[in-house]
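Values in this text are rule-based calculations from the coordinates and carry no lab data. Since this is a predicted model, take the numbers as computed values, not measurements. With ideal geometry, Cβ positions are generated from the backbone for all residues, glycine too; neighbour counts draw on all protein chains shown.
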Amino acid sequence: MKKMISAIMAICIMMCSLSMSVSANSVIDYVEPGIELMYLYTDNVSTSVYRSGSNIAYKCDAKGKSTATKISIYLYLQEYSNGAWSNVDVVTKAVNGRSAYVSDTYSSAVSGRKYRTEAHVYVYSGSKYEYLEVNSGTLIF
């Protein structure tokens, strides 16, 4: 039995000493056709949710790069209930230009529940666009 354990340990030590270390130093300098990188037309997207008296206030601010021509924001207020996030309110805005801002309030919040925002933002450059999805932090009402 001791010989068998010694043999297994010897094999393990040999296998470990034969392993190679690998590092990823090279940078891929191309993108496959059909795949585009995010933030081609977008500088920044931010969204937040906060308490405003007996209501919830929420907002989203999106800024495009100099090539941006239009921004569309779909801002969802979500409530966490029964183990899942569900949309309870939505506000939208579309702006021809490089900057868009949208905000709203929600008056049917339930005390003790969790809320967050989920922003779906489309930033256009002519007929091309990129899509971004951004979540806020969580607010316990």
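Restricting to DSSP loop positions (anything but H, G, I, E, B) with no more than 16 other Cβ atoms inside 10 Å of their own Cβ, which trypsin sites (Lys or Arg not before Pro) remain in the stretch 101-141?
Counting only loop positions with at most 16 other Cβ atoms within 10 Å, the trypsin sites (Lys or Arg not before Pro) in the stretch 101-141 are Arg113.
Convex hull of alpha carbon positions in the stretch 42-140: directionally averaged projected area 6.1 nm².
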